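Structure record follows, encoded as structure tokens.
The values are calculated or read from the model by the stated rules, or taken from the named source; none is laboratory data. What you see is a predicted model, and the numbers here were worked out from it, not measured in a lab. Here the Cβ is made from the backbone with ideal geometry for all residues, glycine too, and neighbour counts use every protein chain on show. To get the accessible areas, we keep the full protein, side chains included, count just its heavy atoms, and leave off ligands, DNA and RNA. Shrake-Rupley method; radii C 1.70, N 1.55, O 1.52, S 1.80 Å.
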Amino acid sequence: MTKPRVFVTRAIPERGLALVRDFCVADVWTDELPPPREMVLERVKGVDGILALLTDAMDSTVMDAAGSQLQVISNYAVGFDNVDVTEATRRGIPVGNTPGVLTDTTADLAFALLMAAARRVVEGDKFTRAGRWKTWSPTLLLGQDVFGATLGLIGFGRIGRAVARRARGFDMRVLYCDPFVAAADPCAAEVGAQAVDLDTLLRESDFVSLHTPLNAETHHLIGSDAMVKMKPTAVLVNTSRGPVVDPDALYTALKEGQIGYAALDVTEPEPLPPDSPLLTLENIVIVPHIASASVATRGRMAQMAAENLIAGLKGERLPHCVNPEVYG
Ligand code: DGY
């Protein structure tokens, strides 16, 4: 039997790649940087499946370039805002993602960012390396207490809930705002989280952590209107998608003391250009979209993405499909 042909837009961990290579004739883009758009359009020609990363736009032009035999798009991420799912659905192409396996790893990083911002860990490290640590000082690098503080979670899905569980260990008061979660949610009751509207959450939280998908409703959800409602000491944590926060408004809010600190795993754009004004600020910590980056989790994501791809190529239902409507 002829093996199906697939394009894999970057070298994912071997645990998934080995499965793909076993089942398919795989063209794997092995550069460190994503394939340029023209290269994607060239390499997808005639393939039966695509294993894509969040850096690769999978839109109608790519689907057209691939051709009508394209059977599946498997995204190596839980988020899938890079895929035009409506278009894939219209063509009957199932789209896979990797939910669940990265929940706790991402929540760990959200909490690490929250702690790093609260206790000024990165500033302290820079201070030490710069040879500026001369003595113990009563007023050096004073930060904020995390224990007992109020944490506001915008988005109370898998990752938001995992962050809430961590917050419980710090005796935090947890608020959440999520239009898709009932106020009487059993998990919220278990972790003692209280449903509130967005304004209340912004006004009352010492830490605001974002856990929403990126879509038309959440694009620039945190802009100047939202940030003026926040406490002047508030810490904003973003491990969701960069464009949920308006970067210009964030710069102004941090510079003018409308909010106290930001801790970002994701930015708009990604990566930030070297001359981004955000990089000139002291009251911000930025890491390069690494929330799911543990060895074990990236391996599990690779396996899931491979299994979705292979199921699609066999004409079977994807184990994790974001558009199950394609199955009628
Ligand atoms: C995702 O999966 O959506 C993350 O942003 C990367 O792991």
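Pairing each residue of segment 66-86 that is aromatic (Phe, Trp, Tyr) with any residue that is open to solvent by 20 Å² or more (accessible area, probe 1.4 Å) and part of a loop (DSSP other than H, G, I, E, B), provided the two are 6+ apart or on different chains, yields C-beta distances under 7 Å for TYR76/LEU53; PHE80/VAL322.
Residue-by-condition table, conditions (1) within 16 Å of the ligand (Cβ to nearest atom); (2) open to solvent by less than 20 Å² (accessible area, probe 1.4 Å); (3) at pLDDT below 95; (4) not aromatic (Phe, Trp, Tyr):
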{"residue": "ALA110", "(1), (2), (3), (4)": "yes, yes, no, yes"}
{"residue": "ALA130", "(1), (2), (3), (4)": "no, no, no, yes"}
{"residue": "THR150", "(1), (2), (3), (4)": "no, yes, no, yes"}
{"residue": "PHE156", "(1), (2), (3), (4)": "no, yes, no, no"}
{"residue": "ARG168", "(1), (2), (3), (4)": "no, no, no, yes"}
{"residue": "ASP171", "(1), (2), (3), (4)": "no, no, no, yes"}
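Counting only residues that are touching a Lys or Arg at 6+ places or on another chain (Cβ under 9 Å) and without any contact (Cβ under 8 Å) to a residue 60 or more places away in the chain, segment 285-302 holds 0 of them. A single entry from ALA112, ALA167, ALA183 fulfils the requirement of being in contact with a strand residue (DSSP E or B) (Cβ under 6 Å, 6 or more places away or on another chain) and assigned to a helix (DSSP H, G or I): ALA167. A count restricted to segment 182-200 and to residues that are surrounded by fewer than 19 Cβ atoms within 10 Å (Cβ to Cβ), touching a residue at least 24 places away in the same chain (Cβ under 8 Å) and farther than 17 Å from ALA149 by Cα stands at 4. Summed over segment 309-328, residues that are open to solvent by 30 Å² or more (accessible area, probe 1.4 Å), in a loop (DSSP other than H, G, I, E, B) and within 11 Å of VAL95 (Cα to Cα) total 4.
A Cβ distance below 6 Å, combined with a sequence gap of six or more or placement on separate chains, defines the contacts here; from segment 212-228, residues that are more than 25 Å from GLU256 (Cβ to Cβ) reach residues that are crowded, with 16+ Cβ neighbours inside 10 Å and of a type in the set (S, T, N, Q) in the pairs THR212/THR218; THR212/SER240. Of the residues making up segment 222-234, not a single one is within 16 Å of the ligand (Cβ to nearest atom) and either open to solvent by 10 Å² or more (accessible area, probe 1.4 Å) or assigned to a helix (DSSP H, G or I) (or both). In segment 11-24, the residues that are open to solvent by 10 Å² or more (accessible area, probe 1.4 Å) reach residues that are among the polar types (S, T, N, Q) with C-beta atoms within less than 9 angstrom, at least six apart or across chains, in these pairs: ALA11/THR30; PRO13/GLN303; ARG15/GLN303; LEU19/GLN303. Could you please let me know if THR218 is assigned to a loop (DSSP other than H, G, I, E, B), under 16 Å from ALA117 (Cα atoms), of a type in the set (S, T, N, Q) and open to solvent by 10 Å² or more (accessible area, probe 1.4 Å)? The answer is no for THR218. No other residue among GLU204, GLU256, GLU270 is within 16 Å of the ligand (Cβ to nearest atom), of a type in the set (D, E, K, R), at pLDDT 95 or above and open to solvent by 40 Å² or more (accessible area, probe 1.4 Å) apart from GLU270. Looking across GLY155, GLY148, one residue alone is under 23 Å from MET115 (Cβ atoms) and out of contact with any strand residue (DSSP E or B) (no Cβ under 7 Å at 6 or more places or on another chain). It is GLY148. Under the condition of being open to solvent by 50 Å² or more (accessible area, probe 1.4 Å) and within 16 Å of the ligand (Cβ to nearest atom), which residue from segment 273-295 is nearest to LYS255 (Cα to Cα)? Checked segment 273-295; the qualifying residue nearest to LYS255 (Cα to Cα) is ILE286.
Checked against the criterion of being surrounded by 17 or more Cβ atoms within 10 Å (Cβ to Cβ), in a loop (DSSP other than H, G, I, E, B) and either within 16 Å of the ligand (Cβ to nearest atom) or among the charged types (D, E, K, R) (or both), the candidates SER240, SER209 yield just one match: SER240.
Counting residues in segment 297-310 that are farther than 30 Å from MET1 by Cα and within 15 Å of the ligand (Cβ to nearest atom) gives one or more.
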